[in-house]
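Down below is the structure, laid out as structure tokens.
The values are calculated or read from the model by the stated rules, or taken from the named source; none is laboratory data. Small disclaimer: the values here were computed from a predicted structure and weren't measured. When we count neighbours, we look across all protein chains shown, and the Cβ atoms used for this are built from the backbone with ideal geometry, even at glycine.
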Amino acid sequence: MIDDDGDPTDPAGKINVHARMNFAKSLVSDKKFDQATQEFLWLWEHMLEHDEAFYAVRLSFLAGDMARLSEQYEPAKVAFTKLRDAARKEMDAGSEIRDVILDWFTLCEILDDNNEILAWFDQVKDDMDYADVISTMGYKLFDLLVEQRRWADAGLLEKDPVGAAKMRVDMDEVTSKMNKTHVQFDAQTRARFAKMHKERLLKDFAQHYACCLAAELDEEAIEIANIFLDYRDNPDARIALVQWAMKMNQPRKEQLLWLDEAAEDGRYVKALRQKVQDALAKQT
């Protein structure tokens, strides 16, 4: 029984979206997979009609629940594939509506079908008509391309990588202020969030720096690194830049300077520095 759940067959009726999501999850727990599939299909297609505030939830928590169901129940996977294919048809027909494209990407993730995303990307990446679409999905494509070791492609995703780096700094400043003043959490929880946020920022900047190097955008890469080091002037930042560059086999002379500066702050970087030196020697 759902409190204030309304009639899911009546789009105009009052629906408690949160309650219905919990109900769908309970059906999965009770192994009522067919009914759960129908609930998730309804939620995917209609939940925003009843509460637009669930936009991000739909693409994150709901998508995660759908993914777990599709792993357990093949008919659910078939049903979600039909949703994905319908969104793809709209894209292929020329739709550049952000929500349609984002739905397709998310449904591919629900189905654990990264190959479909990569095949589409390879088909359109050099087509200027799709430049805005690729830019719209850049934040999702970047992680996937890095995961697939397609670092040069990742480095070329952003039209203005230096401008994007400046925006990341601006966003981080806002987020950091919010975390410090968030009264909902105690000091220990805020400290944990701050640590996680710092680690994400290190990884994000270091990956973008290294991917630009892989894409032969050396000038942009060094600007990104300088923006990062101006914002986070510490040995962790320097070491992260070099570590990710070496993961992508992109040694540069400035990396030796960064490691020397980290060593002056008491960090052990001898092995990493030797790795950079050896890689540079192979290039000559």
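What to note about this one:
- Test: residue in the range 38-56 that is loosely packed, with under 14 Cβ neighbours inside 10 Å and of a type in the set (S, T, N, Q): no
- Residue match in the range 88-111 (condition: over 14 Å from Lys140 (Cβ atoms), in contact (Cβ under 8 Å) with a residue 24 or more places away in the chain, of a type in the set (Val, Ile, Thr) and surrounded by fewer than 20 Cβ atoms within 10 Å (Cβ to Cβ)): no
- Within the set Leu217, Leu156, Leu145, the sole residue that is under 18 Å from the mean Cα position of the chain (by Cα), under 30 Å from Trp104 (Cβ atoms), modelled with pLDDT of 95 or more and surrounded by 17 or more Cβ atoms within 10 Å (Cβ to Cβ) turns out to be Leu145.
- Screening Met137 with (1) surrounded by fewer than 18 Cβ atoms within 10 Å (Cβ to Cβ); (2) modelled with pLDDT under 95; (3) within 16 Å of the chain's Cα centre (by Cα) gives one miss only, at (1).
- Residues in the range 151-176 that are among the hydrophobic types (A, V, I, L, M, F, W, C), without any contact (Cβ under 8 Å) to a residue 24 or more places away in the chain and either in a helix (DSSP H, G or I) or under 28 Å from Phe193 (Cα atoms) (or both): Met167, Met171, Val174.
- Test: residue in the range 229-240 that is under 27 Å from Lys282 (Cβ atoms), part of a loop (DSSP other than H, G, I, E, B) and in contact (Cβ under 8 Å) with a residue 24 or more places away in the chain: no
- Among residues of the range 244-253, those that are surrounded by 17 or more Cβ atoms within 10 Å (Cβ to Cβ) and part of a helix (DSSP H, G or I), counted: 2
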